[in-house]
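Below: the structure, in structure tokens.
The values are calculated or read from the model by the stated rules, or taken from the named source; none is laboratory data. Computed from a predicted model, the values in this text were never measured in an experiment. Cβ atoms come from the backbone with ideal geometry, glycine included; neighbour counts cover every protein chain shown. Ligands, DNA and RNA are stripped out before the accessible areas are found, and what is left, the full protein with its side chains, is counted by its heavy atoms. Shrake-Rupley method; radii C 1.70, N 1.55, O 1.52, S 1.80 Å.
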Protein chains: 6
Amino acid sequence: MPQPIEYADASPAVRAVFDDIKATRKVADVNNFWKYLAHDEATLARTWQSVKAIMAPGALDARTKEMIYLAVSVTNGCAYCIASHGAAARKAGMSEAMFGELMAVVGMANETNRLANGYRVPVDQGFEW
Amino acid sequence: MPQPIEYADASPAVRAVFDDIKATRKVADVNNFWKYLAHDEATLARTWQSVKAIMAPGALDARTKEMIYLAVSVTNGCAYCIASHGAAARKAGMSEAMFGELMAVVGMANETNRLANGYRVPVDQGFEW
Amino acid sequence: MPQPIEYADASPAVRAVFDDIKATRKVADVNNFWKYLAHDEATLARTWQSVKAIMAPGALDARTKEMIYLAVSVTNGCAYCIASHGAAARKAGMSEAMFGELMAVVGMANETNRLANGYRVPVDQGFEW
Amino acid sequence: MPQPIEYADASPAVRAVFDDIKATRKVADVNNFWKYLAHDEATLARTWQSVKAIMAPGALDARTKEMIYLAVSVTNGCAYCIASHGAAARKAGMSEAMFGELMAVVGMANETNRLANGYRVPVDQGFEW
Amino acid sequence: MPQPIEYADASPAVRAVFDDIKATRKVADVNNFWKYLAHDEATLARTWQSVKAIMAPGALDARTKEMIYLAVSVTNGCAYCIASHGAAARKAGMSEAMFGELMAVVGMANETNRLANGYRVPVDQGFEW
Amino acid sequence: MPQPIEYADASPAVRAVFDDIKATRKVADVNNFWKYLAHDEATLARTWQSVKAIMAPGALDARTKEMIYLAVSVTNGCAYCIASHGAAARKAGMSEAMFGELMAVVGMANETNRLANGYRVPVDQGFEW
């Protein structure tokens with residue numbers, strides 16, 4: 001069965017990615033996600049480059065981005081991602097009160113998405129921007 | 001086939017909910033979603049009460065809440081909800097730059113959720129708060 | 001682009017399946033679903049045999065089975081299936097009051113499924129049967 | 001990490017909700033779901049009020065409602081909810097024969113939803129009620 | 001709680017299905033999936049007949065079919081199925097390099113599906129065959 | 001409302017991406033997907049770079065990769081993606097017979113994923129590689 005690839009056992013290409021993750025996130029070691037993804041060096045590199053670019057603060061700050069990531073992970077039911085991004089969002093400043101409100105929105109959105117489906121609601125003409 | 005229930009044809013109970021939606025959102029008419037949900041007065045009332053409470057600004061502001069709602073709707077592929085909450089999020093202050101960043105995060109999260117699934121990544125001991 | 005296969009243009013194998021659907025459901029023509037699926041005769045035959053067996057009344061009556069089918073279709077957001085099974089469930093005796101209650105349950109279940117995900121709730125020891 | 005909130009450690013507001021759940025369901029203690037949700041008192045109260053109203057017998061009896069809830073939870077793959085609502089549905093009278101038929105319908109619906117997607121089946125004009 | 005039904009304890013009808021699975025797949029015992037499904041003999045038989053027909057080599061070879069099965073299972077996040085079909089795909093000839101490429105495609109497809117949703121992209125006229 | 005960005009109206013950065021898509025895919029114009037994504041130049045560039053790398057033939061050929069992409073899109077119910085990748089897969093050599101077999105596998109996988117969920121099947125010790 002595949003084992004996580006630890007820094008000590010990693011190829012130079014993988015270590016380069018791990019080093020960049022650790023420097024960017026200011027952590028001593030990378031998460032399991034990266035250690036398993038390292039089995040495919042191209043996917044590891046491409047995924048990290050994308051995540052690094054996408055999660056950098058911009059029009060939205062890092063905390064908002066992590067909360068959106070968490071909202072998607074909760075919707076999809078990915079247990080690893082819920083744990084991982086729950087930790088990351090809190091590290092970026094999400095308080096428990098913010099988490100509670102995020103969960104309430106995620107729950108309600110998943111509910112009303114289905115109400116809209118089942119009642120076959122047509123898109124209003126008035127939704128313009 | 002069910003038709004949307006317009007204010008003019010609505011029962012007093014439905015009108016009461018429509019009035020509260022219009023007053024809270026400062027709009028002249030309610031969205032199609034509420035006009036179709038009005039076929040079940042109990043669900044209409046309960047859903048509005050929940051949405052009203054959940055979407056009010058709190059630890060998270062209204063714009064952040066609308067963006068989370070949009071992120072879930074995009075993940076689930078609900079066309080009505082994407083249009084509706086895209087409009088609501090913009091009304092609450094989401095710029096096109098913010099929208100682009102939200103979409104990048106939503107896309108990436110849906111990708112990495114599946115990478116975590118497929119590589120069967122175990123939750124790190126270190127995810128604590 | 002693929003066109004629906006009408007009875008008049010269908011092969012004997014397809015007509016045999018269409019005849020059985022019409023006789024079982026007491027209808028004059030089959031739904032579009034079967035007309036498109038007819039492009040793959042093996043899948044058409046296998047799917048109809050399964051649906052016929054599964055949807056026949058048993059420990060659960062036909063109306064309950066159609067409502068479960070509708071609940072899944074609403075959850076998945078399949079517009080064709082929501083229309084198709086909404087019609088079938090009503091034909092099997094689902095009233096608008098029943099539909100409203102079904103929608104309320106489907107909405108709530110989709111909400112609490114995500115609350116359970118996000119709050120990482122462990123399965124209670126006490127769930128036994 | 002968040003711990004479940006037990007009755008003995010709960011605030012008066014949380015205890016009030018727990019008392020109502022126990023009285024309504026005729027149980028000695030609430031499920032883990034409520035103990036974790038109790039970290040957000042507003043969401044706990046609102047969720048219980050909604051579940052209580054929605055799951056009460058009406059046009060559909062309690063057993064049918066629990067089976068719909070289970071069907072959605074199976075579709076979404078929520079392990080907690082499958083265990084929880086599997087227990088609740090059996091407590092409401094779902095036999096193993098009914099469970100088997102429910103699972104057969106849920107499986108088939110998830111299959112044909114995708115067949116309809118992939119074959120791009122247009123909604124029949126004839127679906128009216 | 002339901003226990004898996006082992007061959008030694010199985011009814012003749014179940015044993016017949018187990019025998020066919022073992023002969024077709026050239027294995028000494030069936031997977032847990034079949035042992036649990038055996039609680040519903042009709043569903044066990046029907047599911048095995050469908051899987052046997054669908055997964056037999058045809059226009060697509062067995063390895064391609066197992067990889068498609070794995071791609072769907074990863075998308076849906078079914079842990080059992082990811083393990084089961086990961087093993088089956090490798091047994092059918094999927095190398096680790098193929099697995100890495102499959103995962104990259106599955107991840108990307110889940111990302112761009114949501115980009116298409118959120119950007120509300122209309123279907124091009126030019127998609128014809 | 002956002003309009004698709006046509007080549008004639010595109011910025012140099014967008015035109016560079018469009019040129020690369022057209023050269024790689026040997027087409028005269030890009031799909032709507034890219035014309036809408038062009039509203040966010042960074043996401044357009046990053047998405048194309050990823051797709052280009054991921055979909056190039058490797059251990060898996062292009063046709064297999066497009067079929068996996070189609071299988072995911074059908075599972076998720078993205079209408080745009082089903083049309084787009086249905087066309088791409090056929091262009092890469094997927095025959096109608098192959099499409100029928102792909103659909104049968106996708107349907108069955110979505111069914112058995114839920115059977116595994118609902119029957120709470122534990123992962124076999126024997127799944128190793």
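Quick notes on this structure:
- Shortest-first nm distances, residue A:49 label point to equivalent points in other copies (7 Å, Cα→Cβ): 0.4, 5.1, 5.2, 5.2, 5.4
- Computed [θ] at 222 nm, deg cm²/dmol, chain F (DSSP H ≥ 4; -39,500 (n - 2.57); rounded to nearest 500): -21500 deg cm²/dmol
- For residue A:61, the distances from its label point to the matching points in the remaining copies are 1.0, 5.4, 5.6, 5.6, 5.8 nm, ordered from shortest, with each point set 7 Å beyond Cα toward Cβ.
- Axis proximity, chain F to B: residue whose C-beta lies nearest, plus whole-Å distance: F:77, 3
- Computed with every protein chain present, the accessible area of residue E:127 is close to 20 Å² [probe 1.4 Å].
- Using alpha-carbon coordinates, inclination of helix A:12-25 to the longest axis of chain A, degrees: 50 degrees
- Note on residue B:47: accessible area is roughly 0 Å² with a 1.4 Å probe, heavy atoms of protein only.
- For chain A, the Cβ-based charge dipole about the Cα centre amounts to some 120 debye (Lys, Arg positive; Asp, Glu negative; other atoms uncharged).
- The protein assembly as shown, accessible surface, carbon-and-sulfur percent (1.4 angstrom probe): 54 percent
- Cα long-axis angle, helix F:96-118 against chain F (0 to 90 degrees, to the nearest 10): 60 degrees
- Whole-angstrom gap from the range C:58-129 to the range D:1-49, using each part's C-alpha centre: 25 Å
- Per principal axis, descending, Cα span of the protein assembly as shown in whole Å: 62, 62, 52
- Residue C:11 contributes an accessible area of around 40 Å² to the protein surface, as traced by a 1.4 Å probe with all chains present.
- Scattering curve values for the range B:74-126, log₁₀ I(q)/I(0), Debye with Cα scatterers, q = 0.14, 0.22, 0.29, 0.30 Å⁻¹: -0.52, -0.86, -1.14, -1.17
- Interface burial for B against A (accessible surface, 1.4 Å probe, total of both chains, Å², rounded to 100): 5500 Å²
- Ranking E:101, A:111 from most to least accessible surface, computed with a 1.4 Å probe over the protein chains only, gives E:101, A:111.
- The same position residue F:19 in the other copies lies at 3.5, 6.4, 6.4, 6.9, 7.5 nm from this copy, comparing label points 7 Å beyond Cα toward the beta-carbon, shortest first.
- Burial of 50 Å² or greater, the range D:29-75 residues [accessible area, probe 1.4 Å, versus chain by itself]: D:32, D:33, D:36, D:46, D:54, D:59, D:60, D:68, D:69, D:72, D:75
- Excluding ligands, DNA and RNA, the accessible surface per residue across the range A:23-129 is 33 Å² with a 1.4 Å probe.
- Acute angle (nearest 10 degrees) that the helix B:41-55 long axis makes with the longest principal axis of chain B, alpha-carbon atoms: 50 degrees
- Cα-based shape type of the range C:5-73, given that a ≥ b ≥ c are square roots of the gyration tensor eigenvalues and the cut on a/c is 1.5: prolate
- The alpha-carbon positions of chain B define a convex hull whose volume is 163 Å³ per residue.
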